[in-house]
């Protein structure tokens, strides 16, 4: 058995959860916050048999997308004056961790 942890954009999480549920794959959703952009994201937890890991990853890949976003940045310049600049970052997509489950019990 494997534990699949997925950190993804909250915008994509509902579509991924629906697709997993449609395939009879149980999923738990946690609201989390990313460190870099300090924006909301979602962590999905799924326990599956080894043979279903590829299917889970395929669903997540198909239903989550990367996109670019313009972010403001305040940079200090001469004499303590702040200059408002923007920069483009890639957001979305998913980070997936697949972990071995040593023991599983449902009580």
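Being at pLDDT 90 or above, surrounded by 13 or more Cβ atoms within 10 Å (Cβ to Cβ) and closer than 23 Å to residue 103 by Cβ is the requirement here; does residue 7 meet it?
Working: at pLDDT 90 or above: yes; surrounded by 13 or more Cβ atoms within 10 Å (Cβ to Cβ): yes; closer than 23 Å to residue 103 by Cβ: no.
Criteria not met by residue 7.
Quick one: would you say residue 30 is within 17 Å of the chain's Cα centre (by Cα) and at pLDDT below 85?
Numbers: within 17 Å of the chain's Cα centre (by Cα): yes; at pLDDT below 85: no.
Criteria not met by residue 30.
I'd like to know if region 80-103 contains one or more residues that are modelled with pLDDT of 65 or more, closer than 30 Å to residue 22 by Cα and assigned to a helix (DSSP H, G or I).
no
Residue 61: at pLDDT 95 or above and either within 30 Å of residue 3 (Cα to Cα) or surrounded by 10 or more Cβ atoms within 10 Å (Cβ to Cβ) (or both), yes or no?
Values: at pLDDT 95 or above: no; either within 30 Å of residue 3 (Cα to Cα) or surrounded by 10 or more Cβ atoms within 10 Å (Cβ to Cβ) (or both): yes.
Against the criterion (at pLDDT 95 or above and either within 30 Å of residue 3 (Cα to Cα) or surrounded by 10 or more Cβ atoms within 10 Å (Cβ to Cβ) (or both)), residue 61 does not qualify.
Which residue is nearest to residue 64 (Cα to Cα), if the candidates are limited to region 33-50 and must be at pLDDT 95 or above and touching a helix residue (DSSP H, G or I) at 6+ places or on another chain (Cβ under 8 Å)?
44
The values are calculated or read from the model by the stated rules, or taken from the named source; none is laboratory data. What you are looking at is a predicted structure, and each value in this text was computed from that prediction instead of being measured. Every residue, glycine as well, gets a Cβ built from its backbone with ideal geometry; the counts of neighbours run over all protein chains shown.
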